[in-house]
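Below: one structure, written as structure tokens.
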Amino acid sequence: MSGKFLTIFTILFALLATIASSTPLEKRAPGDMHVPSPGPGPWKKGSVQVVSWWCNPCNPKDSVTVRIIQYSGPGTPIRIVYTETVENAYVGSLKFPIKNNWDVKKLYFASVTVNRVPPYITGRSVDFKIF
């Protein structure tokens, strides 16, 4: 009995693995921009931090716009405090200064957007604080 079960289980597993691996990665991942840094901080005013990103289906020839956005919390107005456009949407990093006039009572996050129409691919870092 256990021999039949193992045989059927092995066949089903092999079929599932074949179907899953035959689907191209681009079709499985519609376009996610991952922004792993900067981390939550808090980061010191006057310091230099780094935004980094990677995007599987993105083209290295496409450019991205990196924005540092300030806000008070969910549902509150945003303010762009830093923006720069750079090459290589596939993977990259960008240094940015935390300026002395930034408000320590606010939250910040990095947004990275591929400059290609459509699809609009945007990623967001975690919120970070400054001191």
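The values are calculated or read from the model by the stated rules, or taken from the named source; none is laboratory data. Not measured: the values here are computed from a predicted model. We place every Cβ from the backbone using ideal geometry, glycine too, and count neighbours over all the protein chains shown.
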Those strands (runs of 3 or more DSSP E) lying entirely in region 75-131 with at least 1 residues in contact with a Gly (Cβ under 8 Å, 6 or more places away or on another chain): 78-87, 91-97, 107-114
In this structure, is VAL66 of a type in the set (Val, Ile, Thr), at pLDDT 95 or above, touching a Lys or Arg at 6+ places or on another chain (Cβ under 9 Å) and on the phi < 0 side of the Ramachandran plot? no
Of the criteria (1) touching a strand residue (DSSP E or B) at 6+ places or on another chain (Cβ under 8 Å); (2) free of Cβ contacts under 8 Å to residues at least 60 places away in the same chain, which one ASN101 fails: (1)
What residue, among those in region 109-126 that are surrounded by 18 or more Cβ atoms within 10 Å (Cβ to Cβ) and more than 12 Å from VAL51 (Cα to Cα), is modelled with the lowest pLDDT? ILE121
What do you reckon, is VAL104 surrounded by 14 or more Cβ atoms within 10 Å (Cβ to Cβ), out of contact with any helix residue (DSSP H, G or I) (no Cβ under 6 Å at 6 or more places or on another chain) and among the hydrophobic types (A, V, I, L, M, F, W, C)? no
